[in-house]
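*Asks:* One structure is given below, represented as C-alpha coordinates, and several questions about it will come after.
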Amino acid sequence: MAPSIPTEPASKRNGVNDHEVVPIGPSPGLSSNPPRYISEQTLQQMLKSIGYDEQREDSYRLKGVQLIDSVRQSISLPVKTFDTAATYYHRFRIRFPSAEYNYEDVALASLFVACKVEDTIKKSKDVLCAAHNIRQPHDQRTPDDKMFDGPSKFTVGLERHILETIGFDFQAQYPQKLLIKLLRKMFPKGEKGDSPEVKRFISDAYDMSIDLYKTFAPLKQPSFPLVMAILEITVLLTGMGGDQISQFYSDRYPARKGCILEVMLDLMDLYTQFAKSTKVGSRYDLNKLMGVKIDINKMLSGNRYHRHFAWCDKCVQDSSDALSVTPGSAISPATNSSLPGNNTVKRNGKSSEGTLRFVFDHEDARFERETVAEYFDDVYEEIEEEVEERIPDEPRHSSRSAHHSHSSHRNHTDHGWSPYSRSRHGGHNSDRHKGRKSHGYY
(Lines give C-alpha, C1' and ligand atoms only; values in the text may rest on other atoms or scores of the structure.)
Protein backbone atom coordinates (compact mmCIF):
# COMPACT_ATOMS: atom_id res chain seq x y z
CA MET A 1 0.00 0.00 0.00
CA ALA A 2 1.33 3.39 -0.95
CA PRO A 3 2.04 5.75 1.94
CA SER A 4 -0.51 8.48 2.47
CA ILE A 5 0.51 11.98 1.44
CA PRO A 6 0.13 14.56 4.23
CA THR A 7 -2.30 17.31 3.39
CA GLU A 8 -1.23 19.88 5.94
CA PRO A 9 1.09 22.68 4.84
CA ALA A 10 4.81 22.11 4.79
CA SER A 11 5.35 24.95 7.25
CA LYS A 12 3.27 23.18 9.90
CA ARG A 13 4.90 19.84 9.20
CA ASN A 14 8.30 21.45 9.80
CA GLY A 15 7.16 23.06 13.01
CA VAL A 16 6.83 26.57 11.62
CA ASN A 17 3.58 28.50 11.75
CA ASP A 18 2.20 30.36 8.78
CA HIS A 19 2.79 33.77 10.34
CA GLU A 20 6.46 33.06 10.94
CA VAL A 21 9.05 33.89 8.29
CA VAL A 22 10.84 30.90 6.84
CA PRO A 23 14.61 31.55 6.94
CA ILE A 24 16.41 31.85 3.63
CA GLY A 25 18.93 29.17 2.83
CA PRO A 26 22.66 29.70 2.43
CA SER A 27 23.98 31.92 -0.32
CA PRO A 28 25.08 30.11 -3.49
CA GLY A 29 28.31 32.11 -3.42
CA LEU A 30 29.90 34.94 -5.32
CA SER A 31 30.87 34.62 -8.96
CA SER A 32 33.84 36.38 -10.52
CA ASN A 33 34.31 36.91 -14.26
CA PRO A 34 37.99 37.42 -15.13
CA PRO A 35 38.26 39.97 -17.96
CA ARG A 36 39.91 38.76 -21.13
CA TYR A 37 41.26 42.20 -22.02
CA ILE A 38 41.69 45.41 -20.05
CA SER A 39 41.30 48.87 -21.57
CA GLU A 40 43.88 51.58 -20.99
CA GLN A 41 41.47 53.63 -18.93
CA THR A 42 40.67 50.73 -16.61
CA LEU A 43 44.34 49.93 -16.41
CA GLN A 44 45.21 53.43 -15.23
CA GLN A 45 42.50 53.34 -12.59
CA MET A 46 43.81 50.02 -11.27
CA LEU A 47 47.33 51.39 -11.11
CA LYS A 48 46.24 54.50 -9.23
CA SER A 49 44.34 52.41 -6.69
CA ILE A 50 47.53 50.59 -5.67
CA GLY A 51 49.70 53.72 -5.50
CA TYR A 52 51.49 53.49 -8.82
CA ASP A 53 54.77 55.39 -9.12
CA GLU A 54 55.36 55.55 -12.87
CA GLN A 55 59.13 55.90 -12.89
CA ARG A 56 59.74 53.21 -10.30
CA GLU A 57 57.14 50.74 -11.54
CA ASP A 58 58.33 50.98 -15.14
CA SER A 59 61.77 49.92 -13.99
CA TYR A 60 60.36 46.95 -12.08
CA ARG A 61 58.23 45.93 -15.05
CA LEU A 62 61.19 45.89 -17.41
CA LYS A 63 63.47 44.08 -14.96
CA GLY A 64 60.83 41.46 -14.16
CA VAL A 65 60.14 40.60 -17.80
CA GLN A 66 63.87 40.56 -18.54
CA LEU A 67 64.40 38.13 -15.67
CA ILE A 68 61.67 35.86 -17.02
CA ASP A 69 63.24 35.87 -20.45
CA SER A 70 66.73 35.18 -19.11
CA VAL A 71 65.61 32.28 -16.92
CA ARG A 72 63.48 30.92 -19.77
CA GLN A 73 66.47 30.78 -22.05
CA SER A 74 68.67 29.33 -19.32
CA ILE A 75 66.46 26.28 -18.75
CA SER A 76 65.46 25.99 -22.45
CA LEU A 77 61.75 26.82 -22.24
CA PRO A 78 59.74 27.68 -25.39
CA VAL A 79 58.61 31.20 -26.15
CA LYS A 80 54.97 30.38 -25.40
CA THR A 81 55.93 29.81 -21.76
CA PHE A 82 57.53 33.26 -21.76
CA ASP A 83 54.35 34.82 -23.16
CA THR A 84 52.18 33.21 -20.51
CA ALA A 85 54.56 34.06 -17.66
CA ALA A 86 54.85 37.71 -18.70
CA THR A 87 51.06 37.98 -18.91
CA TYR A 88 50.62 36.55 -15.42
CA TYR A 89 53.35 38.84 -14.14
CA HIS A 90 51.62 41.97 -15.47
CA ARG A 91 48.23 40.92 -14.13
CA PHE A 92 49.67 40.37 -10.68
CA ARG A 93 51.57 43.65 -10.68
CA ILE A 94 48.56 45.79 -11.59
CA ARG A 95 46.58 44.35 -8.71
CA PHE A 96 49.03 44.31 -5.79
CA PRO A 97 51.33 47.19 -4.81
CA SER A 98 55.10 46.85 -4.85
CA ALA A 99 55.35 47.09 -1.07
CA GLU A 100 53.78 43.67 -0.60
CA TYR A 101 55.93 41.51 -2.90
CA ASN A 102 59.32 41.76 -4.50
CA TYR A 103 59.16 41.90 -8.28
CA GLU A 104 61.76 39.13 -8.65
CA ASP A 105 59.68 36.76 -6.53
CA VAL A 106 56.58 37.47 -8.59
CA ALA A 107 58.46 37.03 -11.86
CA LEU A 108 59.87 33.63 -10.86
CA ALA A 109 56.53 32.47 -9.46
CA SER A 110 54.79 33.53 -12.69
CA LEU A 111 57.28 31.52 -14.70
CA PHE A 112 56.73 28.53 -12.42
CA VAL A 113 52.94 28.70 -12.95
CA ALA A 114 53.39 29.18 -16.71
CA CYS A 115 55.51 26.02 -16.88
CA LYS A 116 52.57 24.04 -15.51
CA VAL A 117 50.02 25.73 -17.76
CA GLU A 118 52.01 25.22 -20.97
CA ASP A 119 52.94 21.63 -20.08
CA THR A 120 56.65 22.48 -19.88
CA ILE A 121 56.85 21.40 -16.28
CA LYS A 122 59.80 22.54 -14.24
CA LYS A 123 60.23 22.33 -10.50
CA SER A 124 60.28 25.51 -8.47
CA LYS A 125 63.86 24.75 -7.41
CA ASP A 126 64.90 24.54 -11.07
CA VAL A 127 63.56 28.03 -11.71
CA LEU A 128 65.09 29.46 -8.53
CA CYS A 129 68.44 27.82 -9.21
CA ALA A 130 68.57 29.20 -12.75
CA ALA A 131 67.78 32.70 -11.46
CA HIS A 132 70.47 32.40 -8.79
CA ASN A 133 73.11 31.30 -11.30
CA ILE A 134 72.22 34.25 -13.57
CA ARG A 135 72.46 36.80 -10.75
CA GLN A 136 75.62 35.28 -9.28
CA PRO A 137 77.66 33.59 -12.01
CA HIS A 138 80.63 33.16 -9.66
CA ASP A 139 78.53 31.06 -7.26
CA GLN A 140 76.95 28.29 -9.31
CA ARG A 141 74.51 25.98 -7.51
CA THR A 142 72.42 22.94 -8.33
CA PRO A 143 68.64 22.66 -7.86
CA ASP A 144 69.00 20.12 -5.03
CA ASP A 145 70.87 22.62 -2.87
CA LYS A 146 69.29 23.19 0.56
CA MET A 147 69.42 26.96 0.16
CA PHE A 148 66.41 26.75 -2.19
CA ASP A 149 64.12 24.97 0.30
CA GLY A 150 62.75 28.17 1.86
CA PRO A 151 62.33 30.18 -1.34
CA SER A 152 60.70 27.15 -2.97
CA LYS A 153 57.92 27.12 -0.36
CA PHE A 154 57.48 30.87 -0.78
CA THR A 155 57.14 30.45 -4.55
CA VAL A 156 54.50 27.77 -4.08
CA GLY A 157 52.62 30.17 -1.80
CA LEU A 158 52.73 32.89 -4.43
CA GLU A 159 51.35 30.42 -6.95
CA ARG A 160 47.98 30.43 -5.21
CA HIS A 161 47.75 34.24 -5.38
CA ILE A 162 48.67 34.25 -9.05
CA LEU A 163 45.91 31.74 -9.79
CA GLU A 164 43.39 33.92 -7.98
CA THR A 165 44.65 36.99 -9.81
CA ILE A 166 44.16 35.48 -13.26
CA GLY A 167 40.81 34.01 -12.15
CA PHE A 168 41.90 30.50 -13.10
CA ASP A 169 41.64 31.57 -16.73
CA PHE A 170 44.70 29.97 -18.27
CA GLN A 171 44.08 31.24 -21.79
CA ALA A 172 47.01 33.11 -23.26
CA GLN A 173 47.85 34.46 -26.69
CA TYR A 174 50.98 33.70 -28.68
CA PRO A 175 51.61 36.42 -31.27
CA GLN A 176 54.79 34.71 -32.47
CA LYS A 177 52.76 31.91 -34.06
CA LEU A 178 50.70 34.30 -36.18
CA LEU A 179 53.74 36.46 -36.87
CA ILE A 180 55.64 33.58 -38.46
CA LYS A 181 52.68 32.76 -40.71
CA LEU A 182 52.40 36.33 -41.96
CA LEU A 183 56.14 36.60 -42.49
CA ARG A 184 56.08 33.48 -44.65
CA LYS A 185 53.37 35.06 -46.79
CA MET A 186 55.33 38.28 -47.10
CA PHE A 187 58.64 36.59 -47.93
CA PRO A 188 58.17 33.13 -49.41
CA LYS A 189 61.17 30.88 -49.74
CA GLY A 190 63.30 31.79 -52.72
CA GLU A 191 65.85 34.36 -53.72
CA LYS A 192 64.34 37.22 -51.75
CA GLY A 193 63.56 35.08 -48.75
CA ASP A 194 67.25 34.29 -48.20
CA SER A 195 68.58 37.83 -48.61
CA PRO A 196 70.27 39.58 -45.65
CA GLU A 197 67.63 42.34 -45.69
CA VAL A 198 64.82 39.82 -45.29
CA LYS A 199 66.64 38.02 -42.51
CA ARG A 200 67.13 41.30 -40.72
CA PHE A 201 63.47 42.13 -41.17
CA ILE A 202 62.42 38.77 -39.72
CA SER A 203 64.90 39.06 -36.84
CA ASP A 204 63.69 42.55 -35.90
CA ALA A 205 60.03 41.51 -36.09
CA TYR A 206 60.54 38.42 -33.94
CA ASP A 207 62.59 40.24 -31.30
CA MET A 208 59.97 42.98 -31.28
CA SER A 209 57.39 40.38 -30.29
CA ILE A 210 59.54 39.71 -27.19
CA ASP A 211 59.87 43.42 -26.42
CA LEU A 212 56.12 43.74 -26.77
CA TYR A 213 55.64 41.95 -23.43
CA LYS A 214 57.56 44.69 -21.67
CA THR A 215 54.49 46.85 -22.21
CA PHE A 216 50.85 46.41 -21.22
CA ALA A 217 49.78 45.94 -24.85
CA PRO A 218 49.19 42.14 -24.55
CA LEU A 219 46.65 42.86 -21.82
CA LYS A 220 44.71 45.31 -23.99
CA GLN A 221 44.59 43.82 -27.50
CA PRO A 222 44.27 40.36 -29.14
CA SER A 223 46.95 38.73 -31.24
CA PHE A 224 46.21 40.20 -34.67
CA PRO A 225 46.50 43.91 -33.71
CA LEU A 226 49.72 43.05 -31.88
CA VAL A 227 51.22 41.33 -34.93
CA MET A 228 50.12 44.06 -37.34
CA ALA A 229 51.66 46.71 -35.10
CA ILE A 230 54.93 44.76 -35.12
CA LEU A 231 54.93 44.52 -38.92
CA GLU A 232 54.04 48.19 -39.37
CA ILE A 233 56.88 49.37 -37.13
CA THR A 234 59.35 46.97 -38.75
CA VAL A 235 58.42 48.35 -42.18
CA LEU A 236 58.98 51.91 -40.96
CA LEU A 237 62.35 51.01 -39.44
CA THR A 238 63.73 48.90 -42.30
CA GLY A 239 61.97 50.59 -45.23
CA MET A 240 60.94 47.35 -46.92
CA GLY A 241 57.81 45.21 -47.19
CA GLY A 242 55.34 48.08 -47.10
CA ASP A 243 53.47 46.97 -50.23
CA GLN A 244 52.80 43.51 -48.88
CA ILE A 245 51.17 44.50 -45.60
CA SER A 246 47.99 45.78 -47.23
CA GLN A 247 46.97 42.23 -48.15
CA PHE A 248 46.44 41.40 -44.46
CA TYR A 249 43.83 44.13 -43.92
CA SER A 250 40.87 42.10 -45.09
CA ASP A 251 37.80 40.40 -43.73
CA ARG A 252 39.86 37.37 -42.79
CA TYR A 253 41.88 39.36 -40.26
CA PRO A 254 39.48 41.96 -38.86
CA ALA A 255 41.13 44.69 -36.82
CA ARG A 256 40.51 48.36 -36.23
CA LYS A 257 43.20 50.80 -37.19
CA GLY A 258 42.90 52.59 -33.86
CA CYS A 259 43.84 49.43 -31.96
CA ILE A 260 46.91 48.90 -34.13
CA LEU A 261 48.05 52.50 -33.75
CA GLU A 262 47.70 52.26 -29.97
CA VAL A 263 50.00 49.22 -29.86
CA MET A 264 52.47 50.92 -32.19
CA LEU A 265 52.71 53.97 -29.94
CA ASP A 266 53.12 51.76 -26.87
CA LEU A 267 56.09 50.08 -28.53
CA MET A 268 57.60 53.36 -29.66
CA ASP A 269 57.27 54.82 -26.16
CA LEU A 270 59.21 51.81 -24.94
CA TYR A 271 61.94 52.21 -27.56
CA THR A 272 62.35 55.96 -27.12
CA GLN A 273 62.39 55.92 -23.31
CA PHE A 274 64.04 52.57 -22.51
CA ALA A 275 66.00 51.73 -25.64
CA LYS A 276 68.86 50.02 -23.78
CA SER A 277 66.45 47.66 -21.98
CA THR A 278 65.05 46.27 -25.24
CA LYS A 279 66.38 44.10 -28.04
CA VAL A 280 65.32 46.17 -31.04
CA GLY A 281 65.66 49.64 -29.53
CA SER A 282 69.40 49.26 -29.01
CA ARG A 283 69.93 48.46 -32.72
CA TYR A 284 68.68 51.82 -34.05
CA ASP A 285 69.61 55.41 -33.46
CA LEU A 286 67.37 57.46 -31.19
CA ASN A 287 66.72 60.03 -33.92
CA LYS A 288 65.49 57.25 -36.19
CA LEU A 289 63.12 56.02 -33.49
CA MET A 290 61.83 59.52 -32.80
CA GLY A 291 61.17 60.04 -36.51
CA VAL A 292 59.12 56.84 -36.68
CA LYS A 293 57.14 57.91 -33.63
CA ILE A 294 56.37 61.29 -35.21
CA ASP A 295 55.10 59.54 -38.35
CA ILE A 296 52.80 57.36 -36.29
CA ASN A 297 51.43 60.40 -34.47
CA LYS A 298 50.69 62.03 -37.82
CA MET A 299 48.77 58.94 -38.88
CA LEU A 300 46.86 59.07 -35.61
CA SER A 301 45.91 62.73 -35.92
CA GLY A 302 45.15 62.41 -39.64
CA ASN A 303 42.57 59.70 -39.03
CA ARG A 304 41.27 61.50 -35.90
CA TYR A 305 41.91 58.57 -33.62
CA HIS A 306 42.40 58.86 -29.89
CA ARG A 307 45.73 57.91 -28.40
CA HIS A 308 44.05 55.06 -26.52
CA PHE A 309 41.28 53.06 -28.12
CA ALA A 310 37.80 53.20 -26.51
CA TRP A 311 38.77 56.13 -24.28
CA CYS A 312 35.96 57.95 -22.44
CA ASP A 313 36.69 61.53 -21.38
CA LYS A 314 33.65 61.68 -19.12
CA CYS A 315 34.80 58.66 -17.13
CA VAL A 316 38.17 60.12 -16.25
CA GLN A 317 38.49 60.57 -12.52
CA ASP A 318 40.84 63.21 -11.20
CA SER A 319 42.54 61.49 -8.31
CA SER A 320 45.89 62.28 -6.78
CA ASP A 321 48.66 59.77 -7.40
CA ALA A 322 49.85 57.99 -4.30
CA LEU A 323 53.46 57.01 -4.02
CA SER A 324 54.32 53.37 -3.55
CA VAL A 325 56.77 52.10 -0.98
CA THR A 326 60.11 50.55 -1.85
CA PRO A 327 59.52 46.87 -2.62
CA GLY A 328 60.91 44.04 -0.60
CA SER A 329 59.79 42.54 2.66
CA ALA A 330 61.23 40.56 5.50
CA ILE A 331 59.76 37.32 4.17
CA SER A 332 60.90 37.84 0.58
CA PRO A 333 63.45 35.29 -0.63
CA ALA A 334 64.89 37.88 -2.99
CA THR A 335 65.54 40.19 -0.03
CA ASN A 336 66.61 37.53 2.44
CA SER A 337 68.09 34.38 0.95
CA SER A 338 68.35 32.66 4.34
CA LEU A 339 64.59 32.54 4.76
CA PRO A 340 63.34 29.65 6.91
CA GLY A 341 60.92 27.37 5.19
CA ASN A 342 58.12 27.52 7.77
CA ASN A 343 56.73 30.88 6.63
CA THR A 344 53.49 31.00 4.72
CA VAL A 345 52.11 33.62 2.39
CA LYS A 346 48.97 35.28 3.70
CA ARG A 347 46.87 38.18 2.56
CA ASN A 348 44.10 40.11 4.22
CA GLY A 349 41.32 39.36 1.78
CA LYS A 350 37.94 41.02 1.89
CA SER A 351 35.41 39.14 3.92
CA SER A 352 32.59 37.89 1.74
CA GLU A 353 29.61 35.69 2.35
CA GLY A 354 29.69 32.41 0.51
CA THR A 355 32.24 30.78 -1.72
CA LEU A 356 34.00 32.71 -4.48
CA ARG A 357 33.66 30.94 -7.82
CA PHE A 358 35.31 31.90 -11.10
CA VAL A 359 33.03 31.76 -14.13
CA PHE A 360 34.49 32.11 -17.62
CA ASP A 361 31.28 32.53 -19.64
CA HIS A 362 29.86 35.98 -18.95
CA GLU A 363 26.42 35.09 -20.33
CA ASP A 364 26.08 32.10 -17.99
CA ALA A 365 27.21 34.19 -15.05
CA ARG A 366 24.66 36.91 -15.84
CA PHE A 367 21.85 34.35 -16.20
CA GLU A 368 22.78 32.71 -12.92
CA ARG A 369 22.92 36.06 -11.13
CA GLU A 370 19.47 37.05 -12.37
CA THR A 371 17.98 33.67 -11.43
CA VAL A 372 19.36 33.68 -7.91
CA ALA A 373 18.40 37.33 -7.33
CA GLU A 374 14.70 36.41 -7.31
CA TYR A 375 15.15 34.48 -4.07
CA PHE A 376 17.66 36.67 -2.24
CA ASP A 377 16.49 40.21 -3.02
CA ASP A 378 14.42 41.93 -0.33
CA VAL A 379 11.23 43.34 -1.89
CA TYR A 380 9.24 45.90 0.10
CA GLU A 381 5.69 47.11 -0.59
CA GLU A 382 4.34 50.42 0.68
CA ILE A 383 0.76 50.32 2.01
CA GLU A 384 -1.17 53.45 3.04
CA GLU A 385 -3.80 52.99 5.78
CA GLU A 386 -6.10 55.66 7.24
CA VAL A 387 -6.53 55.47 11.00
CA GLU A 388 -8.89 57.73 13.01
CA GLU A 389 -7.20 59.21 16.05
CA ARG A 390 -9.18 60.69 18.97
CA ILE A 391 -8.29 64.24 19.90
CA PRO A 392 -7.60 64.44 23.68
CA ASP A 393 -9.64 66.91 25.83
CA GLU A 394 -7.99 70.00 27.28
CA PRO A 395 -7.08 69.64 31.00
CA ARG A 396 -9.34 71.59 33.50
CA HIS A 397 -7.75 73.39 36.48
CA SER A 398 -9.42 73.37 39.99
CA SER A 399 -10.63 76.55 41.80
CA ARG A 400 -7.95 76.28 44.46
CA SER A 401 -5.18 76.13 41.95
CA ALA A 402 -6.73 79.03 40.04
CA HIS A 403 -7.02 81.15 43.23
CA HIS A 404 -3.46 80.31 44.21
CA SER A 405 -2.13 81.34 40.86
CA HIS A 406 -4.13 84.59 40.99
CA SER A 407 -2.86 85.54 44.43
CA SER A 408 0.70 84.75 43.61
CA HIS A 409 0.37 86.86 40.50
CA ARG A 410 -0.98 89.78 42.57
CA ASN A 411 1.84 89.64 45.10
CA HIS A 412 4.56 89.53 42.51
CA THR A 413 3.22 92.42 40.42
CA ASP A 414 3.57 95.14 43.17
CA HIS A 415 6.41 97.42 42.13
CA GLY A 416 6.07 99.83 45.13
CA TRP A 417 7.47 99.56 48.65
CA SER A 418 8.44 96.14 49.75
CA PRO A 419 6.23 94.60 52.51
CA TYR A 420 7.25 94.63 56.15
CA SER A 421 9.78 92.05 57.14
CA ARG A 422 8.49 89.18 59.14
CA SER A 423 9.70 88.30 62.59
CA ARG A 424 11.80 85.36 63.34
CA HIS A 425 8.75 83.50 64.71
CA GLY A 426 7.01 83.74 61.36
CA GLY A 427 3.32 84.29 60.65
CA HIS A 428 1.37 87.03 58.91
CA ASN A 429 0.13 88.71 62.15
CA SER A 430 3.52 89.28 63.73
CA ASP A 431 3.91 92.98 62.88
CA ARG A 432 5.66 94.69 65.82
CA HIS A 433 3.71 97.96 65.56
CA LYS A 434 0.35 96.24 65.57
CA GLY A 435 -1.24 95.87 69.02
CA ARG A 436 0.65 98.71 70.78
CA LYS A 437 -2.00 101.16 71.99
CA SER A 438 0.08 103.53 74.15
CA HIS A 439 2.70 104.24 71.55
CA GLY A 440 2.35 105.96 68.29
CA TYR A 441 2.92 109.20 66.54
CA TYR A 442 0.91 112.28 67.11
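The values are calculated or read from the model by the stated rules, or taken from the named source; none is laboratory data. All of these numbers come straight from a predicted model, not from anything done at the bench. Every residue, glycine as well, gets a Cβ built from its backbone with ideal geometry; the counts of neighbours run over all protein chains shown. Calculation scope for accessible area: heavy atoms of the full protein, side chains included, ligands and nucleic acids excluded. Shrake-Rupley method; radii C 1.70, N 1.55, O 1.52, S 1.80 Å.
For (1) modelled with pLDDT under 90; (2) hydrophobic (A, V, I, L, M, F, W, C); (3) closer than 17 Å to L265 by Cβ; (4) surrounded by fewer than 21 Cβ atoms within 10 Å (Cβ to Cβ), each residue gets a yes or a no:
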{"site": "K189", "(1), (2), (3), (4)": "yes, no, no, yes"}
{"site": "D194", "(1), (2), (3), (4)": "yes, no, no, yes"}
{"site": "R200", "(1), (2), (3), (4)": "no, no, no, yes"}
{"site": "Y213", "(1), (2), (3), (4)": "no, no, yes, no"}
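*Asks:* So which residues in segment 293-316 are touching a helix residue (DSSP H, G or I) at 6+ places or on another chain (Cβ under 7 Å) and either among the hydrophobic types (A, V, I, L, M, F, W, C) or modelled with pLDDT under 70 (or both), if there are any at all?
*Replies:* Hits for segment 293-316 are I296, M299, L300, F309, W311, C312, C315.
*Asks:* Taking segment 219-231 on its own, how many of its residues are assigned to a helix (DSSP H, G or I) and either of a type in the set (A, V, I, L, M, F, W, C) or surrounded by 23 or more Cβ atoms within 10 Å (Cβ to Cβ) (or both)?
*Replies:* Selection size over segment 219-231: 9.
*Asks:* Additional query: On the basis of being among the acidic types (D, E), open to solvent by less than 10 Å² (accessible area, probe 1.4 Å), part of a helix (DSSP H, G or I) and at negative phi, does D243 make the cut?
*Replies:* no
*Asks:* Which number in (1) farther than 16 Å from T215 by Cα; (2) buried (at least 17 other Cβ atoms within 10 Å of the Cβ); (3) at pLDDT below 90 marks the one condition that C259 misses?
*Replies:* So the condition that C259 fails would be (1).
*Asks:* Within segment 94-135, track down each residue that is modelled with pLDDT of 90 or more and of a type in the set (D, E, K, R).
*Replies:* E104, D105, K116, E118, D119, K122, K123, K125, D126, R135
*Asks:* Please verify whether segment 235-244 includes one or more residues that are among the hydrophobic types (A, V, I, L, M, F, W, C) and either touching a Cys at 6+ places or on another chain (Cβ under 6 Å) or under 16 Å from K185 (Cβ atoms) (or both).
*Replies:* Yes; the residues of segment 235-244 include at least one that is among the hydrophobic types (A, V, I, L, M, F, W, C) and either touching a Cys at 6+ places or on another chain (Cβ under 6 Å) or under 16 Å from K185 (Cβ atoms) (or both).
*Asks:* Then there's this: Please go through segment 47-62 and pick out each residue that is closer than 19 Å to S110 by Cβ and surrounded by fewer than 15 Cβ atoms within 10 Å (Cβ to Cβ).
*Replies:* S59
*Asks:* Looking only at segment 146-175, filter to residues that are at pLDDT 90 or above and of a type in the set (D, E); which one of those is nearest to N102 (Cα to Cα)?
*Replies:* Among them, the one singled out is E159.
*Asks:* Find the residue count for segment 133-176, including only residues that are more than 30 Å from M46 (Cα to Cα) and surrounded by fewer than 19 Cβ atoms within 10 Å (Cβ to Cβ).
*Replies:* Here the count works out to 16.
*Asks:* Sort out which residues of segment 157-198 are of a type in the set (D, E), assigned to a loop (DSSP other than H, G, I, E, B) and closer than 26 Å to Y89 by Cα, and write them in order of number.
*Replies:* Result: D169, single match.
*Asks:* State the number of residues belonging to segment 268-296 that are under 23 Å from Q55 (Cβ atoms), exposed (fewer than 15 other Cβ atoms within 10 Å of the Cβ) and under 34 Å from the mean Cα position of the chain (by Cα).
*Replies:* Qualifying residue count, segment 268-296: 6.
*Asks:* Related question: Output the helices (runs of 4 or more DSSP H) that fall wholly within segment 55-156 and possess 3 or more residues being closer than 28 Å to Q176 by Cα, of a type in the set (S, T, Y) and in contact (Cβ under 8 Å) with a residue 24 or more places away in the chain, or say none.
*Replies:* 79-93
*Asks:* Could you list, ordered by first residue, the pairs with Cβ atoms under 8 Å in which the first is in segment 43-54 and closer than 19 Å to E100 by Cβ and hydrophobic (A, V, I, L, M, F, W, C) and the second is modelled with pLDDT under 80 and surrounded by 17 or more Cβ atoms within 10 Å (Cβ to Cβ), at least 6 apart or interchain?
*Replies:* Matching pairs, first to second residue: I50/S324.
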